[in-house]
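The values are calculated or read from the model by the stated rules, or taken from the named source; none is laboratory data. Just so it is clear, the model here is predicted, and its values are computed rather than measured. Here the Cβ is made from the backbone with ideal geometry for all residues, glycine too, and neighbour counts use every protein chain on show. Areas reflect the complete protein model, heavy atoms only, side chains present, ligands, DNA and RNA absent. Shrake-Rupley method; radii C 1.70, N 1.55, O 1.52, S 1.80 Å.
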Amino acid sequence: MLEKKARPGYRKIIKSSAKTLIVVEAILFAVSYAGWYRLNTNREFRYYVKENYPSVLEAYYQIGETFSGDTSIRAYDEGIWQQEQQSKKQ
């Protein structure tokens, strides 16, 4: 009669760990993409981030300037925000 040999337990642990890692990475990528997309398309959200998390907004601007070399988004945002603050004062 043939004897069954037990499979090593570490293979099962490695497989389940790899699956978990892939799922976690996919979720983190989706969340970071959603945040970038919202920063990229919503000026009010950029203002919220500026007020509460200025280092995140600075990193967003720096990454955009590095890849595209265009500083117009930062300048446009600052101009709009200054106009809004001046209109609130009046």
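List of remarks:
- Cα gyration tensor, the stretch 43-89 - rounded (a/c under 1.5), prolate or oblate: oblate
- The calculated FRET efficiency for LEU21 paired with GLU44, based on their beta-carbon distance and R0 = 41 Å, is about 0.70.
- Take ARG74: with every protein chain present and a 1.4 Å probe, its accessible area is about 60 Å².
- Note on the chain: lysine pairs with Cα distance below 21 Å, sequence gap of 8 or more or different chains, count 4.
- Rounded to the nearest 10 Å², the accessible area of LEU21 at probe 1.4 Å: 100 Å²
- At most 11 other Cβ within 10 Å, DSSP loop - GluC sites (Glu not before Pro), the chain: GLU3
- Whole-number D in µm² s⁻¹ for the chain, Kirkwood Cα-pair radius fed into Stokes-Einstein, 25 °C, 0.890 mPa s: 144 µm²/s
- Projected label points at ALA34 and PHE67, each 7 Å from Cα along the beta carbon direction, are separated by 1.9 nanometres.
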